[in-house]
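Just so you know, all these numbers are worked out from the coordinates, no wet-lab data involved. Quantities reported herein were computed from a predicted structural model and do not represent experimental measurements. Methodologically, a virtual Cβ is constructed for each residue, glycine included, from the backbone with ideal geometry; neighbour enumeration extends over all protein chains shown.
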Amino acid sequence: MSDNQGPVWEVFVQKKAGQPFVHCGSLHAFDKEMALQNARDLYTRRSEGMSLWVVPSNAITASSPEDQGPFFESANDKVYRHPTFYQIPDAIGHM
Amino acid sequence: METINFENVFEGKLAKNEMVEPKDWMPENYRKHLIRQISQHAHSEIVGMLPEGNWITRAPSLRSKIVLLAKVQDEGGHGLYLYTAAETLGISRDELLDNLHTGKAKYSSIFNYPTLTWADIGAVGWLVDGAAIMNQVMLQRASYGPYARAMVRICKEESFHQRQGFEVMTRLAFGTTEQKEMAQDALNRWWYPTMMMFGPPDAESPNSENAMKWRIKRETNDQLRQKFVNQTVPQVEYLGLTVPDAQLKWNEEKKGYDFSEPNWAEFKQIISGNGPCNKERLAARNKAHHDGEWVRAAAMAHAKKKNEVYEAA
């Protein structure tokens with residue numbers, strides 16, 4: 001079947017200045033201007049954001065769920081990266 | 001080397017109430033079930049724009065007109081959230097729309113009833129959206145991530161839909177005698193079709209068992225129907241209207257109402273294409289899609305041309 005809908009774009013919304021952009025969904029559009037306008041009409045009808053990113057879906061590379069274990073494993077045995085690994089004497093109070 | 005048993009991983013996720021995501025392994029039947037359910041849901045949102053859109057030009061005030069416009073626009077948005085959720089399962093938007101337009105895919109039976117008076121717009125928002133909310137609140141915890149997340153967005157927006165419908169009903173029910181009669185007439189016509197929205201009785205529902213097993217649904221059709229009646233009857237009483245069911249009675253033992261089942265033979269007729277408006281709805285959808293053809297072609301040509309200019313520069 002022919003493609004009549006244009007490519008898929010991923011939409012990221014920033015709620016307030018200073019906050020991170022959060023993925024909120026996707027949509028179809030033929031170009032980036034249209035993607036931005038559609039994102040506004042589809043995902044911010046109730047002032048849910050003050051800034052939008054649209055990214056072509058095929059530009060995103062995702063890690064694969066099957067490799068989740070080995071891929072992230074190397075962080076698991078590095079407890080010394082957390083502050084709770086270290087003992088601080090009570091006498092000095094908060095550090 | 002350790003091999004992963006994907007089926008165990010999938011079952012483990014369901015058991016731990018974790019979400020299944022698009023790239024995760026899933027049984028083929030689970031994928032098929034979701035495509036069917038999510039696309040039917042999406043089609044219902046889009047077709048649902050038609051009976052209400054029918055009254056936009058005839059809304060009795062500017063206020064009610066802007067409210068109805070916003071409501072119908074939301075329904076379009078809900079359809080789009082759901083279509084993109086369905087697409088994560090590996091089916092294209094064109095294919096989804098084609099299934100709707102050729103009559104291969106179904107949509108909610110409720111939208112094959114006509115909206116004859118302004119009171120019907122009140123009844124649709126109040127009852128139909130009320131029933132939809134009951135179903136959708138449950139679906140926010142569905143096991144498939146993109147579906148559940150679309151539901152969270154939709155539920156946030158639905159509550160306005162139900163309230164605006166109830167407001168229309170309130171104005172009519174507390175208005176002139178004729179207005180109150182109009183409200184009662186709409187309730188009479190929409191009560192049973194709304195009850196059908198939850199689907200056939202559990203014993204005869206072909207898809208329920210899998211939907212529950214896979215944690216797509218967490219409450220059965222009959223449980224949701226009972227919940228809806230319990231919640232709605234006091235609202236009918238507030239309006240001073242009467243539920244068109246002589247058997248309706250509070251049952252202290254089950255702490256819920258006893259009520260009559262809708263006419264399931266009528267339900268079967270409607271989902272097999274023979275309701276009062278099935279042909280009209282499909283024709284309207286096909287016409288809208290056909291009339292929009294040149295817009296899609298122009299947008300595609302414009303994007304292509306701009307890309308060429310960009311690449312040449």
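Label chain B by shape, choosing from rounded, prolate and oblate, from the square roots a ≥ b ≥ c of the eigenvalues of the Cα gyration tensor; if a/c is under 1.5 it is rounded, and otherwise prolate applies when a/b is larger than b/c, oblate when it is not. Judged from the Cα gyration tensor, chain B comes out oblate (a/c at least 1.5, b/c at or above a/b). Using C-alpha pairs under 8 Å with a sequence gap of at least 6, the mean separation divided by the residue count of segment A:8-90 gives a relative contact order of 30 percent.
Residues whose amide H comes within less than 5 Å of that of residue B:217, counting only those at least five positions distant or on another chain, are B:212 (H built at 1.01 Å from N in the peptide plane).
If R0 equals 56 Å, the separation of the Cβ atoms of residue A:59 and residue B:235 corresponds to a calculated FRET efficiency of about 0.70.
Positive contributions from Lys and Arg (+1) and negative ones from Asp and Glu (-1), summed over other residues with Cβ under 15 Å from the Cβ of residue B:82, come out at -1.
Ordered by the count of other Cβ atoms within 10 Å of each Cβ, fewest first, B:232, B:117 give B:117, B:232. Is the shape of segment A:8-90 best called rounded, prolate or oblate, per the rule: a/c under 1.5 gives rounded, else a/b larger than b/c gives prolate, else oblate, with a ≥ b ≥ c the square roots of the Cα gyration tensor eigenvalues? Oblate, since a/c reaches 1.5 and b/c is not below a/b. Structure remark: mean-square fluctuation, Gaussian network model of chain B, C-alpha springs under 10 Å; the largest value among B:180, B:255, B:279 belongs to B:255.
Cα centroid separation, segment B:207-249 to segment B:71-148: 19 Å.
Simple point charges give the picture: +1 on the Cβ of Lys and Arg, -1 on the Cβ of Asp and Glu, and for chain B a dipole about the Cα centre of about 560 debye. For chain B, averaging the sequence separation of C-alpha pairs within contact (under 8 Å, six or more residues apart) and dividing by the residue count gives a relative contact order of 18 percent.
The order of B:218, B:225, going from fewest to most other C-beta atoms within 10 Å of their C-beta, is B:218, B:225.
Each Lys and Arg contributes +1 and each Asp and Glu -1, all at the Cβ; summed about the Cα centre of chain A, the dipole is approximately 480 debye. Legend: calculated FRET efficiency, residue B:152 to residue A:92, from the Cβ-Cβ distance at R0 = 35 Å, rounded to 0.05, equals 0.15. Placing a label point 7 Å from the Cα of residue A:51 along the Cα-to-Cβ direction, the residues of segment A:1-31 whose backbone N falls under 15 Å from that point are A:12-23. In this rough spin-label picture, where each label sits 7 Å from Cα along the Cβ direction, the residue B:286-residue B:106 distance is 2.1 nm. Between the residues B:20, B:148, B:127, the greatest Cα displacement towards the positive end of the dipole of the protein assembly as shown, with unit charges on the Cβ of Lys, Arg, Asp and Glu, is found for B:127.
Remark: the protein assembly as shown carries a charge dipole of roughly 820 debye about the Cα centre, counting +1 on each Lys and Arg Cβ and -1 on each Asp and Glu Cβ. As a proxy for reagent exposure, B:19, A:50, B:197 were ordered by neighbouring Cβ count within 10 angstrom, fewest first; the result is A:50, B:19, B:197. Using the Cβ-Cβ distance between residue B:95 and residue B:170 with R0 = 51 Å, the FRET efficiency computed as 1/(1 + (r/R0)^6) comes to roughly 0.75.
With an a/c value of 1.5 or above and a/b larger than b/c for the gyration tensor axes a ≥ b ≥ c computed over the alpha-carbon atoms, the protein assembly as shown is described as prolate. Taking label positions 7 Å along the Cα-Cβ direction at both residue B:300 and residue B:23, the computed distance is 3.0 nm, reported to one decimal. Across the cross-link table entries B:16/B:217; B:104/B:156; A:16/B:71; B:32/B:106, which are compared at the Cα atoms, the separations over 21 Å belong to B:104/B:156; A:16/B:71.
How many nm is it between the label spots at residue B:159 and residue B:213, if each spot is 7 Å from the Cα in line with the beta carbon? Here the modelled spin labels are 3.6 nm apart.
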